[in-house]
1. Can you compute the FRET efficiency between residue A:155 and residue B:201 using 1/(1 + (r/R0)^6), with r the Cβ-Cβ distance and R0 = 45 Å? Round to the nearest 0.05.
2. Express in nm, to one decimal, how much length is gained between residue A:134 and residue A:435 on full extension, taking 0.36 nm for each residue of separation and deducting their alpha carbon distance.
3. Given C-alpha coordinates of the protein assembly as shown, what is the ratio Rg to Rh with the Kirkwood estimate of Rh?
4. Just checking the output field for A:371-380: average partner chain Cβ neighbours within 10 Å of each residue's Cβ?
5. Could you give each residue of the stretch A:222-233 its phi-based ³J(HN,Hα) in whole Hz, using Karplus coefficients 6.51, -1.76, 1.60 with θ = phi - 60°, and x for Gly or Pro?
6. Counting other Cβ atoms within 10 Å of each Cβ, which trypsin sites (Lys or Arg not before Pro) in the stretch A:257-356 have at most 16 and sit in a DSSP loop?
7. Can you run phi through the Karplus equation (6.51, -1.76, 1.60; θ = phi - 60°) for the stretch B:142-153 and list ³J(HN,Hα) in whole Hz, with x for Gly and Pro?
8. My understanding is that a pair violates if its Cα-Cα distance is over 29 Å; which of A:40/B:348; B:90/B:222; A:163/B:221; A:396/B:134; B:13/B:134; A:222/B:20 do that in this structure?
There are 2 protein chains.
Amino acid sequence: MKVLFAQNREFEKELINIVKKRSPGELTGVEKRVREIIEKVREKGDEALIELTMELDGVFLNAEELEVRDEEIEKAYSSVEKEFLEALNKAYENILEFHEKQKQESWFYMKEGSLLGQRILPLESVGIYVPGGKAAYPSTVLMNAIPAKVAGVERIYMTTPPKGNKEINPYILAAAKICGINKIFKIGGAQAIAALSYGTETIPKVDKIVGPGNIYVACAKKQVYGEVDVDLIAGPSEIVVIADETADERYVAYDLLSQAEHDENAMAILITDSQRLAQEVLRCINDCIETKEKEDPLNNNISTAKKSLENYGLILLTQNLMEAVKISNLIAPEHLEIIAKNGDELLKEVKNAGTVFLGEFSPEPIGDYIAGTNHVLPTNQTSRFFSPLGVYDFMKRINVVKYSLESLRLYAGHAVKIAEREGLYLHANSLKVRINDVQG
Amino acid sequence: MKVLFAQNREFEKELINIVKKRSPGELTGVEKRVREIIEKVREKGDEALIELTMELDGVFLNAEELEVRDEEIEKAYSSVEKEFLEALNKAYENILEFHEKQKQESWFYMKEGSLLGQRILPLESVGIYVPGGKAAYPSTVLMNAIPAKVAGVERIYMTTPPKGNKEINPYILAAAKICGINKIFKIGGAQAIAALSYGTETIPKVDKIVGPGNIYVACAKKQVYGEVDVDLIAGPSEIVVIADETADERYVAYDLLSQAEHDENAMAILITDSQRLAQEVLRCINDCIETKEKEDPLNNNISTAKKSLENYGLILLTQNLMEAVKISNLIAPEHLEIIAKNGDELLKEVKNAGTVFLGEFSPEPIGDYIAGTNHVLPTNQTSRFFSPLGVYDFMKRINVVKYSLESLRLYAGHAVKIAEREGLYLHANSLKVRINDVQG
């Protein structure tokens with residue numbers, strides 16, 4: 001973990017270079033292969049899915065096995081420990097409550113007899129991609145499905161790669177059941193994205209695809225964008241902790257470590273004005289790593305966290321915390337913790353972040369699972385312009401104009417002026433025929 | 001203009017094939033060239049812009065000339081006829097009023113002592129691309145700038161290619177002045193998009209780029225997406241008119257024609273249950289074309305409209321208008337006019353459209369210029385999931401969690417359960433250290 005003193009413009013450039021290095025970069029390596037997969041699924045439908053699942057996942061499914069049967073879901077659900085279901089149900093409630101505040105209603109107003117406004121409607125259908133293997137997170141099912149449900153999406157599908165025994169992770173199926181997912185399919189990779197984009201005999205074409213995935217999935221989402229909508233493409237996870245001397249060094253240390261365990265490319269940065277805190281946090285991180293390594297020398301999470309902190313771990317020392325917030329705004333982190341006396345004040349200066357966690361009782365993992373906020377957040381500096389996943393991502397708007405005779409008389413002449421100046425004479429014509437009719 | 005009877009599923013497939021044919025398709029032809037342009041601008045900044053403007057626009061600008069000077073703007077503004085300014089100002093007012101209804105406020109709620117919510121903030125900077133030549137539309141400046149202004153974006157820049165005499169279309173400059181654009185640059189094409197994405201000595205890096213452009217601009221926007229946000233990539237324009245026997249055939253005919261004048265690939269479709277109306281509209285279109293051709297045999301608008309109607313003009317006869325709306329939902333048109341007795345009822349069934357124009361006094365061009373609704377709308381079936389440009393496109397959200405001791409006690413245990421099940425032990429750790437501290 002590097003320690004830097006934040007003191008000049010050169011420092012800012014260096015910092016941004018470090019942040020940028022983590023960019024997912026070009027997908028060119030897999031682009032061609034993904035294009036072929038998509039073409040194959042478009043042309044051959046289910047047949048292609050069966051072939052590709054055999055070839056890429058080593059699993060042979062017949063057409064009837066592409067969709068998960070109700071019995072499989074029930075079996076999985078009853079195999080899962082009660083305490084886990086209880087936790088997931090509590091998470092469901094809290095996430096639902098938070099996202100219900102995001103629901104927007106159609107609005108209209110009258111002006112000179114005209115009706116103007118926007119209808120706000122749910123998308124009709126959505127596909128959620130859930131990765132297999134280690135990254136199969138039941139919490140991700142909740143985070144993607146609940147905003148779609150709150151939006152009013154009628155058909156929510158899920159697709160996830162099957163394991164060798166043709167089965168799906170039971171925790172994923174339990175989460176899907178809690179969310180009331182309409183159909184679940186045993187397809188992974190680019191072929192799943194292709195199927196949801198164009199439809200096959202078994203898999204319905206959807207309006208939008210959401211959910212994380214490996215490079216093939218990310219590349220496929222990029223290629224089908226426009227045919228369907230897709231969510232933001234997530235980069236490696238990241239956290240900035242802004243803390244002053246009042247912060248508990250263990251909290252800061254453990255929160256940095258928890259982000260670092262995700263991925264060797266995860267980024268964990270502490271920005272503080274307290275040299276003492278910086279030292280204590282460093283010590284605490286090292287102690288924690290040492291203890292855990294002794295307890296279990298093969299602990300993957302610790303070795304990943306160690307590498308991540310070596311690669312991208314940073315402690316920045318600033319003159320004061322206002323400066324810290326400015327630096328954080330440059331980094332535009334996915335997660336931002338603020339543990340400081342004047343946290344509320346600092347919050348007001350935050351311009352770019354996915355979620356801000358304020359105060360000592362708000363560790364980042366509370367937002368991953370249970371607080372109610374969404375954990376699908378913009379990474380890689382995109383919180384400059386992107387938002388956390390929300391109900392608004394599953395709704396669309398339609399402008400409505402019902403113009404009155406009065407409005408036409410008042411304004412159509414102006415519109416003719418602009419149309420003619422833009423050289424769109426037939427536009428002007430469509431206005432003029434009505435103006436003539438209503439005159440006199 | 002083809003006439004089809006809408007009566008079976010085969011018909012729907014045929015229709016969608018026609019609609020799909022108009023897709024902008026792959027940008028592969030220009031991708032490589034655009035990538036080179038972007039790289040050059042990233043590396044060499046202003047110098048690259050000067051070289052590329054010479055090479056591609058045939059205009060030599062020195063570094064001081066890249067930005068439009070205030071005197072140029074004033075000169076342009078005072079050269080424009082008063083009536084046009086009046087029309088533009090009226091448009092500005094109406095567009096402002098409509099978009100002010102879209103503004104959203106941050107929201108928060110308390111739950112067991114915890115504060116949860118979302119800060120909703122404007123983007124910090126936006127770049128508007130305005131094409132040169134025939135497609136330089138002052139109305140487009142208004143439609144892109146006003147939502148950004150209402151959102152509260154502090155820095156709004158515009159970029160547009162210069163003419164041979166180094167000047168910019170005065171109507172565009174007048175529109176920019178009315179909108180209070182902060183800076184205007186004389187750069188066009190992919191190089192303008194690159195400059196706004198990465199910044200040069202003269203052009204500032206922005207958070208989002210909006211505005212229409214040719215294939216180079218569209219391709220560049222696709223390539224920089226992620227580095228900055230970009231708006232939807234517009235395809236050729238389209239209209240569906242749903243009308244019954246009460247509709248005035250001239251209105252329907254002229255509205256179809258007005259859409260067709262945009263582009264040979266524009267699409268104009270009438271769906272009606274009245275054979276009489278279909279015949280009258282056809283007759284009226286032919287009369288109009290004939291008359292205008294006689295008046296001015298070199299009229300480009302008419303020849304474009306004629307070709308567009310030959311390519312994509314359609315009249316669909318349905319049993320009733322509910323069926324017509326269903327077909328329109330499949331087409332998901334950018335513009336939908338409904339001129340029918342039970343228009344209000346039909347509106348409720350509309351699921352996919354950019355703007356709906358209801359009733360005989362709502363010709364589509366009223367929405368292009370003066371009604372207040374935005375004319376930047378999803379094309380090419382993307383109204384299934386995209387929305388008209390609006391204030392929401394210039395705002396971002398930040399989740400906020402300030403967790404209380406009470407909430408931590410109530411919920412952190414559940415979060416630990418899920419974290420451990422997902423194999424994220426250091427996440428669990430960050431929660432457990434706090435749980436231990438607050439127990440007893």
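1. On the way: r = 51 Å, r/R0 = 1.14.
For R0 = 45 Å, the calculated efficiency reads 0.30.
2. My answer for the length gained is 101.7 nm.
3. That ratio equals 0.98.
4. Details: counts 12, 8, 6, 3, 1, 0, 2, 3, 0, 2.
For peptide A:371-380, the averaged partner shielding equals 4.
5. With the stated coefficients, the stretch A:222-233 comes to 5, 6, 8, 4, x, 6, 10, 8, 10, 7, 4, 8 Hz.
6. Numbers: sites: A:276, A:283, A:292, A:294, A:306, A:307, A:326, A:341, A:348, A:351; in loops: A:341, A:351.
Answer by residue number: A:341.
7. My calculation for the stretch B:142-153 gives 4, 5, 8, 7, 5, x, 5, 4, 4, 4, x, 4 Hz in order.
8. Beyond 29 Å between Cα atoms: A:40/B:348; B:90/B:222; A:163/B:221; A:396/B:134; B:13/B:134.
Values quoted throughout were computed directly from the atomic coordinates according to the rules given, and no laboratory measurement underlies them. Not measured: the values here are computed from a predicted model. Note that we place each Cβ from the backbone using ideal geometry, even for glycine, and neighbour counts take in every protein chain shown.
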